[in-house]
Structure formats: C-alpha cells, structure tokens
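The values are calculated or read from the model by the stated rules, or taken from the named source; none is laboratory data. What you see is a predicted model; the values in this text were computed from it and never measured. Neighbour counts run over all protein chains shown; Cβ positions are idealised from the backbone, glycine included. Only protein heavy atoms, including side chains, enter the accessible area calculation; ligands, DNA and RNA are left aside. Shrake-Rupley method; radii C 1.70, N 1.55, O 1.52, S 1.80 Å.
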Amino acid sequence: MSATDVPPGVTYVHGLVRPTGVRVPREWYVPSDAFGWRAVVMLFGVLVGCVAALPWLVDRWGALAIAPVLPVIGAYVYKLTILMHECCHRTLFRARPANDRVGVACGGFLVTSYDAFCRAHWQHHRHCGTDEDGEESD
C-alpha cells in the first residue's frame, strides 16, 4: 500500500493507516501490568476451559457436541498470537522479563518458538511495505 492507495479520511504514516483527526491519549500507550495479567488469565482460562471440556462434551452428548466449541478454541488460539505479538513488542507488561515469560508460555501453547516469532516479526518491521517484507498485504 502506498500513500496514493489510502481511502479518504485516513492518513498513511510509517506504513500504518490511521484515521484522520483521531488523537489517542498517551496513557493508552503505557503498558499496564493489571491489564496484561487480566488478559493472560482471561485468555488462558477460556482456552484451557474449552479444551478441558471437550472429553466431557463427547462423553455426555457425543462427538458432535464439540462442534460449537471448536470455533471458540480457534478464536482463542488466534488471540494467543496477538498476546505473543504484544509481548514481542514489550507492550503487554512494564517489565521485559514478564513480557518474555508470557511470550514463551504462549509460544509453548502454540508449539512455536517465541524467539523465532520475535525475530521474524522484527524482520517484518524492518522491511514493512517492501518486497523483502515476507508478509503478504492487500
């Protein structure tokens, strides 16, 4: 995307499309330990609860009973990648070790390397919007 491809009402700044005239309060950018831990507990709680419920659902109502739970599990697995992304940017918690520990836990649950994820993500930021980016954009 280039500055000429941006629809009306937005600006294109450093590879990001932002709404024109919208100011976000500076305190919204400050990492919050309370917000971070609440997000971790809620996300992992729902995900672990859904996965733990699968055998019970199958035993109680049969294999088809898990069908409504599977999209929820998929959505929360995706949310884990968002959590890992915030940890990689060191924006979920104030302290780097907390970000790294939660990022490693997310990576473990996703069966991927947190360090490799961060390296690939920073490579994306270095080359955002270029042919070297490695991420498709449309």
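Pairs meeting the criteria (first residue in the range 52-79 and closer than 26 Å to Ala105 by Cα and of a type in the set (Gly, Ala, Ser), second residue open to solvent by less than 40 Å² (accessible area, probe 1.4 Å) and in a helix (DSSP H, G or I), beta carbons under 8 Å, at least 6 apart or on different chains) are Ala53/Val69. Being surrounded by fewer than 16 Cβ atoms within 10 Å (Cβ to Cβ), in a helix (DSSP H, G or I) and not polar (S, T, N, Q) is the filter here, so list the residues in the range 78-108 that pass it. Once the filter is applied, which keeps residues that are surrounded by fewer than 16 Cβ atoms within 10 Å (Cβ to Cβ), in a helix (DSSP H, G or I) and not polar (S, T, N, Q), the range 78-108 yields Tyr78, Ile82, Arg96, Pro97, Arg101, Val104, Gly108.
Listed by first and then second residue, the pairs with beta-carbon distance under 7 Å, at least 6 apart or on different chains, first residue in the range 112-130 and closer than 15 Å to Cys87 by Cα, second among the aliphatic types (A, V, I, L, M), are Tyr114/Met84; Tyr114/Val104; Phe117/Met84.
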